[in-house]
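Q: Have a look at this one.
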Amino acid sequence: MKQHEKVKKIAVTGLLSALVFLFSWVQIPIGDVARLHLGNVFCALFGLLFGPLVGGIASGFGSMLFDFTNPAYIAESWITFITKFAIGFLAGVIAKRSAAGRAGVLRDTAAAGVGCFAYVVLYLLKSFIMMAWVEGQVMEAVYTQLITKGITSAVNALCAVVFSVVLAQAMRPALRRAHLWQESTLP
């Protein structure tokens, strides 16, 4: 890879991380345990558009930076990096390998869906471990919170899939013209 291509990839990854961070702030709190936000839309979108490595790193790093801004989240920021990385990485892997390289709506939907579903599973597993084993909460409270988090996460995931697919289909032509997206050269 030429030096200017490496620099471009690093710059794009940094910009995408900043966008994930920014859109994680666009949120609607759901009680004290959950929130609807737009960050996951961009995690899935960047996996679809820029592949598994750039999409995963931008998703994980941008979300981890968001966690750094809230004392309640900072201790788990490394877990956030892993779980959000999964969205962009899995969406990118599936988007890159399926449908013989064609950027179709069904392929994008499946890719974003797998990435978001994996995130929901990882997030609920992490939440269960933290609440039940680390914090020692009673199981009734854990289950109540998991139900709220599960419903909210499922809505977040559904929104992320729908909006990321729509945005990916709309953005690809412009990214091609700007030489920022080419199916044959995705990482």
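Q: Listed residues V20, V7, V26; which is of a type in the set (A, V, I, L, M, F, W, C) and buried (at least 17 other Cβ atoms within 10 Å of the Cβ)?
A: Numbers: V7 fails: buried (at least 17 other Cβ atoms within 10 Å of the Cβ); V26 fails: buried (at least 17 other Cβ atoms within 10 Å of the Cβ).
Of the residues listed, the single one that is of a type in the set (A, V, I, L, M, F, W, C) and buried (at least 17 other Cβ atoms within 10 Å of the Cβ) is V20.
Q: List, please: which pairs have Cβ atoms under 8 Å, are six or more places apart or on different chains, and start with a residue in the stretch 25-37 that is free of Cβ contacts under 8 Å to residues at least 40 places away in the same chain and end with one that is charged (D, E, K, R)?
A: Q27/R35; I28/R35; P29/R35
Q: Where the second residue is surrounded by 14 or more Cβ atoms within 10 Å (Cβ to Cβ) and the first is of a type in the set (G, A, S) and lies in the stretch 119-137, which pairs have Cβ atoms under 6 Å and are six or more apart or on separate chains?
A: That search, which allows pairs on different chains as well, returns S127/K149; A132/V142.
Q: Any residue in the stretch 77-95 that is free of Cβ contacts under 8 Å to residues at least 24 places away in the same chain and over 30 Å from A170 (Cβ atoms)?
A: In the first step, residues of the stretch 77-95 are kept if they are free of Cβ contacts under 8 Å to residues at least 24 places away in the same chain; the result is 77-78, 80-81, 94.
With the extra rule that they be over 30 Å from A170 (Cβ atoms), the set shrinks to 77-78.
Yes, the stretch 77-95 contains a residue that is free of Cβ contacts under 8 Å to residues at least 24 places away in the same chain and over 30 Å from A170 (Cβ atoms).
Q: What do you reckon, is L125 in a helix (DSSP H, G or I), exposed (fewer than 14 other Cβ atoms within 10 Å of the Cβ) and over 13 Å from the mean Cα position of the chain (by Cα)?
A: In short, yes.
Q: Please list, ordered by first then second residue, the pairs with beta carbon atoms under 6 Å, 6 or more apart or interchain, first in the stretch 40-62 and more than 9 Å from V20 (Cα to Cα) and in contact (Cβ under 8 Å) with a residue 60 or more places away in the chain, second among the aliphatic types (A, V, I, L, M) and surrounded by fewer than 24 Cβ atoms within 10 Å (Cβ to Cβ).
A: Listed by first residue and then by second, the contacts come to L45/L167; G51/L186; P52/V93.
Only the coordinates and a few stated rules stand behind these numbers; no lab work does. All of these numbers come straight from a predicted model, not from anything done at the bench. A quick note on method: Cβ atoms are made from the backbone with ideal geometry, for glycine too, and the neighbour counts reach across all protein chains shown.
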